[in-house]
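Report on the following structure.
We did not get these values from a lab; they are worked out from the coordinates using the rules stated. On a predicted model such as this, the values are computed, not experimentally measured, just so you know. We place every Cβ from the backbone using ideal geometry, glycine too, and count neighbours over all the protein chains shown.
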Amino acid sequence: MQSSSMSLSLSSPPSTIIPAAVRSDCSSTSISLTPRSLRFCGLKREAIFGLNSSHCSALRSVSSVKQSCSRSNSFKVSALAAAENNGAAKRGFDYDLVIIGAGVGGHGAALHAVEKGLKTAIIEGDVVGGTCVNRGCVPSKALLAVSGRMRELQNEHHMKAFGLQVAGAGYDRQGVADHANNLASKIRSNLTNSMKALGVDILTGVGTVLGPQKVKYGKVGAEESVITAKDIIIATGSIPLVPKGIEVDGKTVITSDHALKLEFVPEWIAIVGSGYIGLEFSDVYTALGSEVTFIEALDQLMPGFDPEIGKLAQRVLINPRKIDYHTGVFASKITPAKDGKPVIIELIDAKTKEPKGTLEVDAALIATGRAPFTEGLGLENINVQTQRGFIPVDERMRVIDANGKLVPHLYCIGDANGKMMLAHAASAQGISVVEQVSGKDLVLNHSSVPAACFTHPEISMVGLTEPQAREKGEKEGFEVSVAKTSFKANTKALAENEGEGLAKLIYRPDNGEILGVHIFGLHAADLIHEASNAIAMGTCIQDIKFAVHAHPTLSEVLDELFKAAKVKVNASSPVGEPVAV
């Protein structure tokens with residue numbers, strides 16, 4: 001990719017007249033713009049205009065807007081038509097697209113397929129919404145919302161700083177559990193209704209690939225139906241990973257699936273694993289009065305986070321709370337509580353495998369990650385072999401068979417392919433697949449997909465950690481720099497008495513490329529998207545630093561972060577095009 005300055009010459013008079021620039025109904029209202037020249041580093045023209053590069057023109061803004069309005073109105077019409085008869089499939093097929101799995105990834109793909117005019121069906125053997133809505137990110141956020149408020153109400157010093165006096169805070173366990181369950185039910189209903197309204201056929205049962213472009217589905221023990229589709233997407237998600245030697249009874253030894261029901265709050269709970277899941281549940285349990293013990297196989301807590309952010313997070317999220325931890329050990333055996341005896345956890349050294357003692361606790365939560373749910377899909381019918389349970393795919397989510405060849409018209413998205421086990425990554429992958437089967441080659445840049453841990457305060461990240469960036473720099477021969485800014489310098493954070501936080505930018509000083517951004521602080525999960533979108537669009541630091549942020553807002557943390565970066569004045573090295581991972 002040639003460098004850095006692809007210019008949109010929009011600065012010279014006469015002023016450009018853009019109809020309906022701000023009116024969503026695409027009426028004839030117009031505004032006059034005399035925009036300044038814009039420059040984008042390493043940005044494909046398609047990313048700006050949504051057109052092939054050979055047809056791009058910076059001076060076609062008027063027609064682009066007209067086309068956008070036309071597409072918007074066309075979608076409204078096509079959506080209504082879809083709701084009536086779900087379109088018409090390509091000749092010889094029952095559907096244009098069949099999706100196995102109605103989680104967030106499958107739902108996102110289905111809605112986008114309808115927008116593209118594809119006759120679409122989605123097969124679900126459990127409940128619409130999958131792990132995220134029913135047993136993951138949605139109900140956990142409801143519990144974390146409670147824990148956040150409990151922490152604030154219990155923090156007498158924090159309240160006094162506002163001049164507030166609050167009596168002792170308490171909670172109703174069943175009421176908290178109902179809040180999580182009701183939220184999951186509401187979101188599940190919303191997803192179901194959105195698909196029905198657009199005419200997506202929701203087929204109930206377990207989906208199995210019979211062969212190329214052919215799927216059967218049906219409830220266990222009932223008669224099965226066979227359907228054909230031009231293209232098939234597997235989006236079956238994942239289940240909690242339970243290591244060998246651990247006996248889960250669903251009551252005292254539990255996974256995140258059970259914990260989200262909050263059937264009881266133990267006085268002392270061990271959490272096996274200190275990643276996203278373990279950290280979030282430690283936030284919930286300690287806010288509700290439990291003591292927590294982490295059991296981590298690696299030598300430090302929070303091993304997946306940038307080390308500097310992890311160190312600060314440990315100081316704030318773990319050390320002051322009723323949490324202790326054992327690192328460098330495995331829970332080799334966990335026995336549920338029974339006959340009046342507590343949960344017994346046997347520990348061994350992670351390296352030597354020598355015994356390290358036992359723990360006796362009231363409950364144990366297994367938060368060691370998730371495993372792909374790919375059994376029973378009929379992969380043997382198309383000569384596909386899983387790798388550690390994951391379905392192998394290329395950068396376009398096309399399934400690869402045992403011989404290394406692409407399986408025609410078959411795709412896999414989300415947790416089942418293991419590329420990035422996040423709900424929004426699954427949805428983005430699904431949308432990219434729909435674009436491909438509709439004739440446009442869209443490859444998702446996974447380096448631009450953000451992640452977040454919804455503790456109090458939150459942690460968020462996108463791109464590389466500092467060690468990863470420095471390793472990459474050594475291999476490829478470029479320098480890596482780091483810029484930081486503190487929440488203590490942010491007016492809005494101080495107004496909230498939430499000055500504990502750090503934002504960290506990892507970048508290339510030779511060309512301004514953003515390699516990674518990590519945030520720990522108030523609303524970090526919301527702040528990260530400016531950075532992730534900059535990476536996705538290939539925007540340089542020397543350009544984004546001129547963006548204007550409202551004052552006083554938390555967004556100024558990112559503003560100061562980008563301004564703190566020192567990019568060489570005569571930067572000439574091009575920012576590399578995003579690489580699909």
**Asked** Out of T236, V146, V226, whose Cα points farthest toward the positive end of the dipole of region 139-244 (charges: +1 Lys, Arg; -1 Asp, Glu; placed on Cβ)?
**Response** T236
**Asked** Among A493, C412, F520, which residue has its Cα positioned farthest towards the positive end of the charge dipole of region 374-520, with +1 placed on the Cβ of Lys and Arg, -1 on the Cβ of Asp and Glu, and the dipole taken about the Cα centre?
**Response** A493
**Alpha-carbon centroids, region 134-167 and region 436-475: separation in whole Å** = 30 Å
**Asked** So how strong a dipole does region 307-348 carry about its Cα centre when Lys and Arg Cβ are +1 and Asp and Glu Cβ are -1, to the nearest 20 debye?
**Response** 120 debye
**Asked** Put a dot 7 Å past each Cα toward the Cβ at K333 and E346; how far apart are the dots in nm?
**Response** 0.2 nm
**Complete:** Gyration tensor on Cα atoms of region 307-347, a ≥ b ≥ c root eigenvalues, a/c under 1.5 rounded, else prolate if a/b beats b/c, else oblate, says oblate
**HN-Hα J in Hz across region 520-529 - Karplus 6.51, -1.76, 1.60, θ = phi - 60°, x for Gly and Pro** = 10, x, 4, 6, 4, 5, 7, 6, 5, 6
**Complete:** For K251, counting only lysines whose alpha-carbon sits under 17 Å away and dropping same-chain residues fewer than eight positions off, the answer is K261, K333, K338, K341
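Pairs to check: K141/K311; K160/K566; K351/K472. Give those whose C-alpha atoms are more than 30 Å from each other in this structure. Walk me through the numbers before you get to the answer.
On the way: K141/K311 24 Å; K160/K566 41 Å; K351/K472 28 Å.
The answer is K160/K566.
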**Asked** Tally Lys/Arg at +1 and Asp/Glu at -1 over every other residue whose Cβ is under 13 Å from the Cβ of G369; what's the total?
**Response** 0
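For region 306-409, calculate the relative contact order in percent as a whole number, restricting contacts to Cα pairs under 8 Å that are 6 or more residues apart.
Working: 110 pairs, mean separation 13.4, N = 104.
Normalised by residue count, the contact order of region 306-409 is 13 percent.
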**Complete:** The lysines whose Cα lies under 17 Å from the Cα of K216, excluding any fewer than 8 residues away in the same chain, are K230
**Fill in**
Pseudo-spin-label distance L494 to E156, built 7 Å along Cα→Cβ, given in nm, is 2.8 nm
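Which of rounded, prolate or oblate describes region 319-367 when judged by the alpha-carbon gyration tensor and an a/c cut-off of 1.5?
Numbers: a/c = 2.27, a/b = 1.16, b/c = 1.96.
Cα axes put region 319-367 in the oblate bin.
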**Prompt:** What list of ³J(HN,Hα) values in whole Hz, one per residue of region 214-221 in order, does the Karplus curve 6.51 cos²θ - 1.76 cosθ + 1.60 (θ = phi - 60°) give from phi, with Gly and Pro shown as x?
**Reply:** 9, 9, 10, 8, x, 6, 4, x
**Asked** Taking K405 as the anchor, which aspartates and glutamates have their alpha carbon closer than 14 Å to its alpha carbon, excluding any fewer than eight residues away along the same chain?
**Response** D394, E395
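Can you give the charge dipole size of region 184-293 about its Cα centre, rounded to the nearest 20 debye, using +1 on the beta carbon of Lys and Arg and -1 on the beta carbon of Asp and Glu?
Working: 10 positive and 12 negative charges, 121 e Å.
In debye, rounded to 20, region 184-293 gives about 580.
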**Inter-label distance, nm, simple model (7 Å from Cα along the C-beta direction), K475/K563** = 3.6 nm
**Request:** Sort out for me the Cα centre separation of region 223-249 from region 390-413, rounded to whole Å.
**Result:** 17 Å
**Request:** Can you tell me the FRET efficiency between D257 and V548 if r is taken as the Cβ-Cβ distance and R0 is 56 Å, rounded to the nearest 0.05?
**Result:** 0.80
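According to the square roots a ≥ b ≥ c of the eigenvalues of the Cα gyration tensor, what is the shape class of region 450-489, taking rounded for a/c under 1.5, prolate for a/b larger than b/c otherwise, and oblate for the remainder?
Working: a/c = 4.38, a/b = 1.82, b/c = 2.41.
Oblate.
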